[in-house]
Structures are given as structure tokens and as C-alpha cells.
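One structure is given here, and the rest of the page talks about it.
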Amino acid sequence: MSAQETNKTIENKVKHLLSQMTLEEKVGQMTQVDITAIGNIEKLHGRAEELIDPAKLEDAVLKHHVGSILNTPFSPNNEAQSIETWHVLTRTVQDAATRTRLKIPVIYGIDAIHGATYTQNAVLFPQAINMAATFNADLAFKEGEITAREVRVSGLQWNFSTVMDIGRQPLWPRLWETFGEDVHLATVMGTSYIKGHQGDDFSAADKLPTCLKHYVGYSYPLNGRDRTPAWIGERMLREYFLPTFEAGVKAGSPTVMVNSAEVDGIPGHANHHYLTTILRGEIGFKGFTVSDWADIERLYTRDKMAASPKEAVKIAVMAGIDMSMVPFDFSFYDLLVDLVKSGEVPMSRIDEAVSRILTVKYQAGLFEPKPLLPMEGNFATAEAIETNRQAARESIVLAKNDHNILPLKKDANILVTGPTANLLSVLNGGWTITWQGAAEELYPQEKLTVLEAIQEKSTGKVTFVGGNAFDAPIDIQKVVDEAKSHDVILLSLGEHPYTETPGNIETLNLDQAQIDLANAAIATGKPVILLTLGGRPRIITSIAERASAVILGFLPGMEGGEAIADILYGDYNPNGKLPISYPRNTNGITPYDYKPIESFETNIYDPLYPFGHGLSYTTFETSGLKVEKSQISMGENITVSVNVKNTGSLKGKEAVLVYINDVAAAVTRPNKQLKGFKKVELAPGQTESLSFTLTPHDLSFIGVDLKRIVEPGDFTVMVGNETVGFTVTK
Ligand code: BGC
């Protein structure tokens, strides 16, 4: 059947089903509850069969007709379950759905953020900020494929991933869930992930729907704290924050989760302009929107926008929210049924929302479920683990390497210290086994910390001075004493795991204990290799300036320890590049695509390391930058070509980045903007010619009247040290 025929068939099925549904059944479809609402609290540590309370399940699915359930059971801190437990849980829920009058399946959603977060022993990839640092779209595609397969093996049906927010506020505790500060990079990585995750048809046994989040503007809180206001004018919203979502919709993601906070004074969940006028009317999104956690009632309890919980439901539904992540009770259901009965919410709006939800359920194949994929050959396969290790290696940024101190000789005597040296949680961050990712005791013991990976590779003496928890005190005097009998110190600093509001901070500065440790290590006079792990660019300037080498690890995932050791000892030649500007000072939060005024007079873009920075153990040179024509007309593409050569003595990979600048325009333009990148692997002395097509969209911007336009005039293309110009004529 062609895609068009399939759509027509689904449309007919949805119409037919909808025509048989009562108001209560419809509103139930719009209701999503947490598993706690059907959970057996007393039996949280019991057998899988006992985790669900049959009476509560009956109440949710048969009496309240809920359309969706989410999350892993709270036991004791909502942790990953075994595949067997997931099978029992999801089967029990579906069995209940088959006992309903119309047998509409319940869609079970989960946060599988960097792999199947909540399934024990899943392949857990580098977090998104690291995936962006790979500048390798194939790896994002493969991450999507592997994540989808492992989530499906678990019996789960909907993934609350991927984050399409742009990471331009380094204080924000979810920065690492983004693909960094650049629109083009995030667009390419995000859409590649979606394509790998969904394939051409997400009803396939190894695919499932993604969810674009958090629409829109969530990632740019003015004060850096999670779930606080963003001040983004509509031009900037359209230029920086909307395009990734638009691309995600075009890539076929059928669901969108809404911004928990507010933009320009309007909470995301009340914003009709964003949710309906733009998302539906302009972008053409056909799927369904889901609220974020408890965010409809927060229009009343937190935002004081609604005068009552009932008004909150009305505002959100009328703004364009199709499904409510309530999450613990049936208040949304009761209130919405009342609102329809009293005529305050028209039935047409309910029918619209429910049609969208049912359409996605049909598209996902839930009405004719396929047998689950067996674990064997589909879950945590050697191949998937190797892909993960490769992603981790390509995601690590070598920022400084004075006198080629790296790679280390295997027989070097190395002193390892610092709070992030011997923990798995600090390599993974939030959304790992638990929500906050901090339950070190639940991590798979066969995976290696940085220290353990060094111990495996080193043939010299390896000494560790540190504790087994992030905040365990470190004996600084011991570090100083031990340094004498070692050649080099690996100083592993950074952040403990976190996500969302618990990760809020007041400053990007490191805590004093880490600064004291660093100063003492540097004062020994032994060469210091600084490694940082964590989701945000914490200020390391004075340490980095005195260290011999700097490795920015961010959150490289479960194979991160091994990947870092591979790079330290030269078993892998590093090629990660920064997907954000690494600030020099706490207030240095200017992104790379700054406006002319940001480098005018006393203003400067002066990060510690710029966007795109990353060293290799070999050297590369780009040359021969050319544009195919010096003049094009509006609406035409233009091809840019450039050669890249490995000028060093080791094989290596290099991501070539193409930037443009619109020389003069009616709205101020960034000094440069990334519009293309390609990663190549080259042997020493080898050259490759690369070509890139710039489309009218690449040359466009949001004009004075808020419409996307291309203006005639001059453009500059920049690659490496070269620039070349062309003109767009009327
Ligand atoms: C987060 C979302 C997540 C949801 C469901 C919320 O608190 O903001 O990113 O998908 O919870 O767990």
C-alpha cells in the first residue's frame, strides 16, 4: 500500500472509531497517567505481577478510559526495570485495554533519552551534547536505531525523545540534553536520530514514535534556572528556536511535548499562537501534542493564569494541547468532561485531539501488535556496544595538548585524582537508570570508570587518590606526596549527575574543593592533564591555563571511561569538536554566532574555547575554497567546494565546517553561521575534496515582518582560514 493509501485507510478507521466513542471515552484518550496511578504501592519491591494494582488498573483503563501511561515504577527512586518486568507491566496494561468496549490500545510512553534509560543493561549512549560533538550524523542515526530497538524489545511504545531545544544558556541544567548552541548542527543531529529511530514506518517491530520536546523556547531561561521565564521575541524565536522543531516535524516525528515554562509572559501550555497558529497552521504538524508533567494544573497552581483547575484545563485544551500528562489522578478527565457538557469546550476540539491521538496509535501499529522482538540479537548486542564506544570516542574534545604531552606512553606512572575519576554516574548524567542518574550502586559493574579503564591499559604504576562518591573528601596532602613518584597527574573534575530543576546552580564556577585540589595538583610541578565530565561548561580557565592538556569529556555515556582511556593512550585519535562556546568567565555566555554589536568597541567574543574547537594527534589543513559561481539569482542553490588534507603523521578524522555571513541585511546578521559540515577520515598525506550545497533556506533569515526571506546582496563563505564571496541578485 502506498503511504497515501495507508493514510486514507487510517483516516477512515479513525473516523469510524471516533463515531462510536462516548464523550468519556474520548476524554480518556486525552488523559495520560503515571504508572503510580495504577501501581501497587505496598508491593513496589514485589514480583512484576504484583506491581500493578488490579483495582486501580480497572479504574484507570476501564472506568476512565485512559489513553496513555508513562514512566517506570517509583521503586524506590523510579529506576530501570528488567525486560521481563516491562513485559509483564505492558502486557497487563494492554490486556486491560482489550477488555474495554472499543478495545483501543493504551500507548505506553517512556523517557529513553540516550538509549533505553529505564531498561536494565540497555546500551546507554553519550548524551546529546556529546553526540553533537561528534559532528557525525551517522552516529546519531545509529543511536536512534539502537535506542528504538531496545525500547521495543522492552515492550514500550513511545519515546519522549528527542530534545530539539537549542542549548544557548549554559547555566540551564538541561543544556546537555540538547545538541548544542547551533541551529544547523542540532537540526542535522536531531533529524538523523529521528530517522534512525522511526525508519520509514514506525509500526515496524523495531521502531517506535519519537517526541519533539520541549516546544518551544524552554531552553533559554533568562536566569538559567529550569522552568523559569524565557524572554524571546518572535523574530529570535523563529530564527533560533523554531527551526529544529520544524525540521523534526518534517522528519516525521508524530508527537510534540510542550514547554513547561513560559516565553514572553505566556506559559507554553497556554500559548495558542505557538501551539496552534504556528505549529499547525504554519509548520503543518499533524500529530498530537502532549503536556509536560503536571503542567496543565500548574497554569492554576503556579502561574496564576487560571482562576481554577477547571479554567486551567480549558485554557490548555483550547490552546492546542491534545493529551495531558496529568499525572497522578483523573482530575483532568473529570474537569474536561464537565467543560464539554457545559459547552465551554466544544466537542469539535475534543474530536480533533482524539483523532490525532488515534491516528498515531494506528500509525504505530498498536491496533495490530506485532510479536515483541526477542532479546537475543536485539538488545545490548556486541555491535551496538561497539557503536556506542565509537560514539563516545568521537564525542570527546581534546581542547589543549601542550608539547604533545598526549598521548601518554602506556608505561607512564600516572596519579589519578578528582571527584569524577572513579564513578560511572558522572560519565552518564541524568536519565540514566534513574531520573537523576545518580544511583551509582545501580550501574552495571562490568562497565569501566575512567580510573578502571586507565588501569586496564597502563603498564606503569597507577595510583588513585579519591573517594567513591562525588562529594567524598579528597586527601590533598596525599595527592601532593604521591605526585613525587609519578610522571603525570590526571585531574578529573566536573559535575555530579542531575537533570531538570534539581540541577539548578547559581554560578558556573566549580566548587572550592575542586579548585583547591586543582591548585595543589598544579603546584606539584608535575604535568597535569585536566579532564572534565559533566553536562555544563563549568569555569576551568585558570586551571586549564596551567594544565598541560585539557580533555572536555561532557557526558560520554556508559563506554565513556574506555573511550577516554583510548584517547589518553593514543589507541584512538581524538576528533570531537565543541558544539557550544566554552565560556572563559561566568558571564561569558556569548554564542559563536554573535551579532556584530557583540564584537564592537569593548564587546568581545572571547570564550576559553570556541564553538567547533577540538584538536587531533594529527593535523589537518583546508585549502582551495571555491564557490561554483560568483553570482546566483534568488531561489538558486550554490555549491561550495574545499579540499581537506591530513598534514600530520597519523590517520585521523576531521569534521570540516562551512560557515556563511550575509554581509548587509535589514535585520542584523550573525558574524557567521554554520550551514554545512562533513566528517572524513584521512590517512597521513591524504587529501579529499568536499562539496556542500547551500540552499536558499541557508541564505535566508527572518525579516522585519517576521517572514523568512532571502535578500539580494553579498555573502561570504568561510572554511578554516579561507573566505570566498558570492552575490545574490534579484
Ligand atoms: C520532563 C520531560 C519528560 C517528562 C516525563 C518532565 O519532567 O520535562 O522531559 O519527558 O517529565 O518524564
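The values are calculated or read from the model by the stated rules, or taken from the named source; none is laboratory data. From a predicted model like this one, the values you see are computed outputs, not experimental measurements. Don't worry about glycine lacking a Cβ; one is built from the backbone with ideal geometry, like all the others, and counts go over all protein chains shown. Quick note on the areas: whole protein, heavy atoms, side chains included, nothing else; ligands and nucleic acids left out. Shrake-Rupley method; radii C 1.70, N 1.55, O 1.52, S 1.80 Å.
Amide hydrogen proximity for residue 408: with H placed 1.01 Å from N in the peptide plane, the residues at 5 or more positions away or on another chain lying under 5 Å are 569, 570.
With charges only on Cβ, +1 for K and R and -1 for D and E, what is the dipole size of the stretch 447-523 about its Cα centre, in debye, rounded to 20? Don't skip to the end; give the middle numbers.
On the way: 5 positive and 12 negative charges, 76 e Å.
Using Cβ point charges on Lys, Arg, Asp and Glu, the stretch 447-523 gives about 360 debye.
Between the helical axis of 309-319 and the longest alpha-carbon principal axis of the chain there is an angle of about 70 degrees.
Rounding to the nearest 10 and keeping the result within 0 to 90°, find how far the Cα-based axis of helix 3-20 lies from the longest principal axis of the chain. Rounded to the nearest ten degrees, it is 40. Taking every protein chain into account, the accessible area of the chain amounts to 37 square angstrom per residue (probe 1.4 Å).
Note on residue 457: lysines with a C-alpha under 26 Å away, same-chain residues under 8 apart excluded, are 400, 409, 410, 447, 478, 484, 526, 577, 651, 653. Once both axes come from the Cα atoms, what is the angle between helix 512-523 and the longest principal axis of the chain, in degrees from 0 to 90, rounded to 10? Around 20 degrees separate the two axes.
I need to check one value: relative contact order of the chain, counting alpha carbon pairs closer than 8 Å and at least 6 residues apart, in percent. Can you show the working numbers first?
Working: 1733 pairs, mean separation 91.1, N = 730.
The value is 12 percent.
Rounded to the nearest 20 debye, the dipole size of the stretch 306-429 about its Cα centre is 360 debye, using +1 on the Cβ of Lys and Arg and -1 on the Cβ of Asp and Glu. Peptide packing: for 195-201, 687-693, the average count of neighbouring Cβ atoms within 10 Å per residue gives the ranking 195-201, 687-693, highest mean first. The radius of gyration of the Cα set in the stretch 3-363, together with its Dmax, comes out at 19.2, 54 angstrom. The separation of the stretch 150-223 from the stretch 700-730, counted between C-alpha centres, amounts to 29 Å. Here the scattering of the stretch 620-729 is modelled by Debye summation over its C-alpha atoms, one equal scatterer each and no solvent; at q = 0.10, 0.17, 0.22, 0.24 Å⁻¹ the log10 of I(q)/I(0) is -0.32, -0.77, -1.13, -1.28. Backbone phi angles across the stretch 291-304, fed through the Karplus curve with coefficients 6.51, -1.76 and 1.60 (θ = phi - 60°), yield HN-Hα couplings of 6, 8, 3, 6, 7, 6, 5, 5, 4, 9, 6, 10, 7, 6 Hz in residue order; Gly and Pro are listed as x. Length available on full extension from residue 649 to residue 480: 0.36 nm per residue minus the Cα-Cα distance, which gives 57.2 nm. How much FRET efficiency would the formula 1/(1 + (r/R0)^6) give for residue 441 and residue 402, where r is the Cβ-Cβ distance and R0 is 25 Å, rounded to 0.05? Calculated value: 0.05.
Students often check this: by mean Cβ neighbours within 10 Å, which of 521-527, 296-302, 330-336, 346-352 ranks highest, and how do the rest follow?
Details: 521-527: 17.6, 296-302: 20.3, 330-336: 22.6, 346-352: 14.4.
Final packing ranking: 330-336, 296-302, 521-527, 346-352.
A simple spin-label model places the labels of residue 328 and residue 469 2.7 nm from each other, with each point 7 Å out along Cα-to-Cβ. Residue by residue, the stretch 411-426 carries 3J(HN,Hα) couplings of 8, 5, 8, 10, 9, 10, 8, x, x, 9, 6, 10, 9, 7, 4, 6 Hz when phi is fed to the Karplus relation 6.51 cos²θ - 1.76 cosθ + 1.60 (θ = phi - 60°); x denotes Gly or Pro. Straight-distance candidates among the lysines for linking to residue 595, with alpha-carbon spacing under 19 Å and chain neighbours fewer than 8 residues away dropped: 672, 675.
For residue 107, the residues 5 or more places off, or on other chains, whose built amide H falls under 5 Å of its own are 68, 69.
Karplus-derived 3J(HN,Hα) values for the stretch 226-243, using 6.51 cos²θ - 1.76 cosθ + 1.60 with θ = phi - 60°, are 5, 6, 10, x, 9, 10, 10, x, 5, 5, 5, 4, 6, 7, 10, 9, 7, x Hz; glycine and proline are entered as x. Taking Lys and Arg as +1 and Asp and Glu as -1, the other residues whose beta-carbon sits under 14 Å from that of residue 244 total -2.
Close amide H partners of residue 119, meaning residues 5 or more places away or on another chain with modelled amide H under 5 Å apart, are 81. Taking packing as the residue-averaged number of other Cβ atoms within 10 angstrom, the listed peptides 463-471, 439-447, 408-416 run from highest to lowest as 408-416, 463-471, 439-447.
Rg of the Cα atoms in the chain, relative to 2.2 N^0.38 Å, amounts to 0.97.
Between residue 16 and residue 4, the contour length at 0.36 nm per residue exceeds the Cα-Cα span by 2.5 nm.
In vacuum, with every alpha carbon of the stretch 396-599 counted as one equal point scatterer, what does the Debye formula give for log10 I(q)/I(0) at q = 0.15, 0.17 Å⁻¹? Two decimals, please. For the stretch 396-599, the Cα-only Debye profile gives -0.91, -1.18. Return the FRET efficiency for the residue pair residue 602, residue 707: r is the Cβ-Cβ distance, R0 is 51 Å, and the value is rounded to the nearest 0.05. Rounded to the nearest 0.05, the efficiency is 0.90.
With a Förster radius of 35 Å, plug the Cβ-Cβ distance of residue 286 and residue 623 into 1/(1 + (r/R0)^6) and report the FRET value to the nearest 0.05. Efficiency at R0 = 35 Å is approximately 0.15. Extension gain for residue 367-residue 349 works out to 4.1 nm (0.36 nm per residue, less the C-alpha to C-alpha distance). Is the C-alpha gyration tensor of the stretch 229-335 telling us rounded, prolate or oblate? Criteria: a/c under 1.5 is rounded; beyond that, a/b larger than b/c is prolate, otherwise oblate. Because a/c hits 1.5 or more and a/b fails to exceed b/c, the stretch 229-335 counts as oblate.
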